[in-house]
Amino acid sequence: MSLDEFSSSLAPAICELILQKRANGSKYIHGETLLRHFDRFCVEVGYTDSALTEDIVLRWKNHNKSRKHRQQSQYLSYVRHLGQYLRSIGIPTYVPPTEQYSGTADPIELSSPFAPHIKNFILQKQADGYAYTLGERTLYRFDRHCVELGITEPVLTRDLALEWIMLTTKRNAPLMREFAKYLLSVGNEAYIIQKLPVRHYQQPYILTDDELTAFFAAVDSFNPDYRSCDRMAAGYSVMFRLHYCCGMRSQEVCCLKVEDMDLSTGKIIILNSKGHKDRVIYMHQDLLHICQNYDAFVRKTLPQRRWFFPAKEPSKTINKANMTRRFHYFWAMTPYSNNSAHVPTVHSLRHTFVVNRINSWIQEGRNLSHMMPYLSRYLGHSTEEDTHYYYHLAASATNIIRDRDLQSQKVIPEVIPYEET
């Protein structure tokens, strides 16, 4: 493709935007393709302004209405890039606002009788310091479900609450329980779902050394697609290493601010983590060097960023849902993806960190009763029992315990086949 093919009144700005993106290290091939479509549209409708107007953007959106929703989003996103570029060089212009999405292909539009209560409930949660992204999307889907059922009053009945849980997942029960309590607090009728029975905890997946090597090779070889960019691709390599090398939780990694990372000493400050606890951890020199290289790379384009791992929209963080999707994407690229007893998750990297750390201490002859309090604090656990729980659930740990612990036969006795009893 040649930039000479652009011919609308916006062509000079479009070409400058593309050149700037490439100077910053982005290939921007998809952006050039979609902006070329927009350029042709401007020529066809006789648009002569050198900046964006709300009218031309609305006409562009209507022009793409027949496309799938994700395609509509892409076509509008790159026009938004153009508007942001024009504004950055001092040209007054209309910039299409970022649209919110519900986690599905449908735009978020609250229209059920619960709509004002959902909005106020989410605002209250966010005012309390919670991002509440997943809860927000779940309640938006609940709103659409109520519209489909023809609900006319904001009354959360037992049948409505339980039907919603059965149609979706039991994991939504705590959220609906909180929403019901909120409705009661503002004078509405609501049924509070009782606590559902806790199902048996699934044995955590502990990745082997070969699986870890294959996984990180897949992460490091990633080429960004239209949903990502070079900056985010570089971020994945660092973020997944923080999960494994430091045992950090997804939310902790995603919400790291630049000021939380001391790249001179390797100190990481984790604030308001699970249970509203703060802690300080340190990373290994190898990981520190990787973080320093990543930071230097990002500062070239975002010298004043707030988040250590900014999303495609620099003012936002890379969210947990994105990390989960990317983990499965990278895992599917490994030769082990079809041979697993069950599919690992992002949290499996934290499990693996715990097990490997305790195993290494056992092999070194360390006294675990002395070391476990340190590991528990490092992981941000409330009690040492939480840390032991991780380890004793891991089947890969038992062989080392048998070899090193003289009392292991009392704790983990040999399994006697059923036929011999």
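All of the numbers you see were taken from the coordinates with simple rules; none came from a lab. Note that the coordinates shown come from a computational prediction; the quantities given were computed from them, not determined experimentally. Every residue, glycine as well, gets a Cβ built from its backbone with ideal geometry; the counts of neighbours run over all protein chains shown.
If packing is taken as the average count of other Cβ atoms within 10 Å, what order do 39-52, 349-362 fall into, highest mean first?
Sorting 39-52, 349-362 by mean packing, highest first, produces 349-362, 39-52.
Quick one: compute the contact order of the range 282-348, relative version, from alpha carbon pairs under 8 angstrom and 6+ residues apart, as a percent.
Result for the range 282-348 is 16 percent.
May I ask you to list the aspartates and glutamates whose Cα is less than 20 Å away from that of K21, ignoring any residue fewer than eight positions away on the same chain?
D4, E5, E32, D39, D225, D230, D295, E313
At 0.36 nm per residue, and after removing the present C-alpha to C-alpha distance, how many nm does the segment from T33 to Q194 gain when stretched out fully?
Extra length available between T33 and Q194 comes to 52.7 nm.
In whole Å, largest first, what are the principal axis extents of the Cα atoms in the range 4-103?
Principal-axis extents of the range 4-103 (Cα, largest first): 33, 33, 25 Å.
What number in nm² do you get for the range 267-354 if you take the convex hull of its Cα atoms and divide its surface by four?
The directionally averaged projection comes out at 7.9 nm².
How large is the Kirkwood hydrodynamic radius of the range 205-289, counting all unique pairs of alpha carbons, in Å?
Taking the inverse mean of 1/r over all distinct Cα pairs, the range 205-289 comes out at 14.2 Å.
What full-extension length gain, to one decimal in nm, is calculated for R279 and K316 as 0.36 nm per residue of separation minus the Cα-Cα distance?
11.0 nm
Take every Cα pair under 8 Å in the range 29-173 that's 6+ residues apart, average their separations, divide by the length, and report that relative contact order as a whole percent.
19 percent
Given the Cα-Cα distance of S50 and N272 and 0.36 nm per residue of separation, how much length would full extension add, in nm?
Gain on stretching S50 to N272: 75.2 nm.
Based solely on C-alpha atoms, express the radius of gyration and the Dmax of the range 127-280 in angstrom.
Spelled out, the Cα radius of gyration and Dmax of the range 127-280 are 20.8, 59 Å.
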